[in-house]
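This report refers to the structure that appears directly beneath it.
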Amino acid sequence: MKKRLVVAFEGIDFAGKTTQVGLLKKYLKRQGILCSVVEFFDSKFPFVRFVKFFSEGKKLDSKSKNFTVPFATMLSTYSMFVGEILHTRKGHRVVLFDRSVYSNYALLYSVWGSRSKAERYLSSKLVQKIFSTVAWPDVVIHLDVSVEEAINRARKMEIKRHPHETPEYMEAAKKAFLNLKSGKIKTTSPKKARWITIDGGQPIRKVHKDILESLKGDLS
């Protein structure tokens, strides 16, 4: 592996992204490959922690979406930008993103439910400039699970879902990720990422094994 590899894990909420990022990081460490992990919303940053606390349990109505959704995309980009500066060490050959800029696209399309509205917002020069501050992935590991499976996982782990995480929203997000993969949703990415879709509904170790197999050429 001659150059830095940026791998992003994407998928709907409770697809298993954080779990698989952790397993891959441990595997790379055992192989002597230094890697960094960057989170989508890193609660270690005071500003992010404050906003998450303030918004906890609040349901988004049609009016608040017009402000909250764009704000969330800016906040996540800020979190990833700072996280990349703080956590990406010199000499680290792999950077793992627990969600990436692609999640901002999925969020906008699924919460707003208006393709034209999302495209107008995303086409603005300011938004494009802000998104360009964060590394875009070389490889996207898309963990595809059914909405029913994702909700069951949250229930089993006793995780309280945010009010906006309705089955309808999650179905829309699932569709958005598939459209990002196929290119139906256009992005401002300066490079074409290789998307790998893996059945996230399998046992955790099987998913991990499939991820390692799919990254074999990238890590050699």
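So which residues in region 93-113 are among the basic types (Lys, Arg) and more than 10 Å from Ala8 (Cα to Cα)?
Arg93 - this is the single residue of region 93-113 that is among the basic types (Lys, Arg) and more than 10 Å from Ala8 (Cα to Cα).
Can you report the number of residues in region 11-51 which are in contact with a helix residue (DSSP H, G or I) (Cβ under 9 Å, 6 or more places away or on another chain), part of a helix (DSSP H, G or I) and modelled with pLDDT under 95?
3
If a residue must be more than 22 Å from Asn152 (Cα to Cα) and not β-branched (Val, Ile, Thr), how many such residues does region 169-220 contain?
The qualifying residues number 25.
What are the residues in region 163-220 that are modelled with pLDDT of 95 or more and aromatic (Phe, Trp, Tyr), if any?
Phe177, Trp195
Being surrounded by 17 or more Cβ atoms within 10 Å (Cβ to Cβ), touching a Lys or Arg at 6+ places or on another chain (Cβ under 8 Å) and outside any loop (DSSP other than H, G, I, E, B): is that true of Val140 here?
yes
The values are calculated or read from the model by the stated rules, or taken from the named source; none is laboratory data. Every value quoted in this text rests on a predicted model; they were computed, and no experiment measured them. Counting neighbours? That spans all protein chains shown, and the Cβs are built from the backbone with ideal geometry, glycine included.
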